[in-house]
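The values are calculated or read from the model by the stated rules, or taken from the named source; none is laboratory data. Here the structure is a predicted model, which is why all the values come from computation and not from measurement. Using ideal geometry, Cβ is built from the backbone for each residue, glycine included, and neighbour counts are taken over all protein chains shown. All accessible areas refer to the heavy atoms of the entire protein, side chains included, with ligands and DNA or RNA removed. Shrake-Rupley method; radii C 1.70, N 1.55, O 1.52, S 1.80 Å.
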Amino acid sequence: MKDKQTKEAFDPSVGVAWGIHKKGLEPGYDISILPATGSVDGIRGDFILIAPAYNITKTDVDTIVDKVQRVIEDYFASMNL
């Protein structure tokens, strides 16, 4: 969300979820993060989905968490907020 205090969502034109998805596909990240929107009112509100296999291991979870964290941090750092 754009503002944690007011719980204001990013404007849909920014495309935060899609930007995170695209960043995850870049070399060095190599992870598909599913983008979604509309969690606030059907239009506004970005979120992402992570859908690993049911037989995921703890090592896999650690890898996914590390990659997703890097993608999100690097995405927002590139936005210069």
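Filtering the range 23-38 to residues that are under 12 Å from the mean Cα position of the chain (by Cα), under 12 Å from residue 74 (Cα atoms) and either open to solvent by 20 Å² or more (accessible area, probe 1.4 Å) or among the polar types (S, T, N, Q) (or both) leaves only 23.
Of all the numbered requirements in (1) open to solvent by 80 Å² or more (accessible area, probe 1.4 Å); (2) part of a loop (DSSP other than H, G, I, E, B), residue 13 misses one, and that requirement is (2). Within the range 1-13, residues that are without any contact (Cβ under 8 Å) to a residue 40 or more places away in the chain and of a type outside the set (A, V, I, L, M, F, W, C) have Cβ atoms under 7 Å from residues that are surrounded by 15 or more Cβ atoms within 10 Å (Cβ to Cβ) and in a strand (DSSP E or B) in these pairs: 12/37, counting only partners at least 6 apart in sequence or on another chain. The test for being closer than 14 Å to residue 10 by Cα, surrounded by 12 or more Cβ atoms within 10 Å (Cβ to Cβ) and in contact (Cβ under 8 Å) with a residue 40 or more places away in the chain holds for residue 20.
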